[in-house]
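Everything on this sheet refers to the single structure shown next.
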Amino acid sequence: MQFRTGYEIIYNFPQPTPVILLVNIHESRAADIVVPDRLITEPAVPIARYRDSFGNHCHRLVAPAGRFRITADAIVNDSGLPDEMAFTTQQDTPELLPEDTLLFLMGSRYCETDLLSDTAWQLFSWTTPGRPRVQAICDYVHNHIVFNYQNARATRTAAEAYQQRTGVCRDYAHLAVTFCRCMNIPARYCTGYLSDAGTPPPYPVGDFAAWFEVWIDGRWHTFDPRNNVPRIGRILMARGRDAADVAITTTFGPNILVSFTVWTSEIETSSSSGGDAPLGPVG
């Protein structure tokens, strides 16, 4: 199975403005890339690449004043299989966790473990450690938050999502990540493309998606409290502590976002399923 993935972001800048972009498919999927997601800007400007502290590939540029278009279009191979389910009850105690997972036990900008620790233990202390506990957290978050695209807000934290019971996919992920960390399960926030393959129409308006990964049974496993079922065509772009670490664009100056479009479409063979897909993951 192959997917065509990409985006088009158009800004108006009143003055030359530095920008950081985190828009590439993650290198863990490098072997699957058939047509690279080469970043193109209009007008063309010099672009520098670097790797952040989480290993994500980032771009730096200075956008000129006026209309500025950022786009990429890629083709990616995919197994066509749903997300792997982790059938395990193994959960490492904190003293046995690998050192590089410990950061993902800590509170962060959008994941206030200090505010939600008591709540987490009240809700989930009865659950079986490992996958059953993580799935119980995902089930709770999936049912607790009502998805509302109109309520997307870039400043909403996990504690606010818990209290307000509304949000978009980043809010589901932040709340689940926070509960997992409170229960001593390392959890990291993920963003990327997610196709509609295998789901019935009508397809919702698309966007970059947010999910998370937890460390259980000696490796990282994917969970998605927004959809809460295994999905086909999940293509990782970046990982971090929360959405603050994996912002699609970071602009250092005033701007107007003119348009934002994302697509993740299955390429037709004998049959097809998918949908064409605003800033940062919300759905």
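The values are calculated or read from the model by the stated rules, or taken from the named source; none is laboratory data. Treat the numbers as computed from the prediction; the structure is a model and nothing was measured. Here Cβ is always computed from backbone atoms with ideal geometry, including for glycine, and neighbour counts include all displayed protein chains. Ligands, DNA and RNA are excluded from the accessible area calculation, which covers all protein heavy atoms including side chains. Shrake-Rupley method; radii C 1.70, N 1.55, O 1.52, S 1.80 Å.
Things worth noting here:
- R0 of 22 Å, Cβ-Cβ distance TRP121-THR93: FRET efficiency to nearest 0.05: 0.90
- Rg and Dmax of the range 125-222, both derived from C-alpha coordinates alone, stand at 13.9, 39 Å.
- About the Cα centre, charge dipole magnitude for the chain (Lys/Arg +1, Asp/Glu -1 at Cβ), debye: 540 debye
- Translational diffusion coefficient (Stokes-Einstein; Kirkwood radius from C-alpha pairs) of the range 6-94 at 10 °C, 1.306 mPa s, in µm²/s: 101 µm²/s
- Å² per residue, accessible surface of the range 65-104 at 1.4 Å: 57 Å²
- Cα centroid separation, the range 236-268 to the range 1-17: 8 Å.
- Extension gain, HIS144 to SER28: 0.36 nm times the residue separation minus the Cα-Cα distance gives 38.5 nm.
- Cα shape, the range 31-77, gyration tensor, a/c 1.5 rule: oblate
- Whole-Å distance, taken between Cα centres, linking the range 113-147 and the range 187-202: 22 Å
- Ordered from longest to shortest, the equivalent ellipsoid semi-axes for the range 1-152 are 37, 21, 18 Å, each the square root of 5 times a Cα gyration tensor eigenvalue.
- Kirkwood hydrodynamic radius computed over the range 99-152 comes to 13.1 Å, based on all pairs of distinct alpha carbons.
- Heavy-atom accessible area for MET106, with the other protein chains in place and a 1.4 Å probe, reaches approximately 100 Å².
- Calculated [θ] (222 nm, deg cm²/dmol) that DSSP helices of n ≥ 4 give over the chain, each run adding -39,500 (n - 2.57): -5000 deg cm²/dmol
- Computed across the range 73-180, the Kirkwood hydrodynamic radius from all distinct Cα-Cα pairs reaches 15.5 Å.
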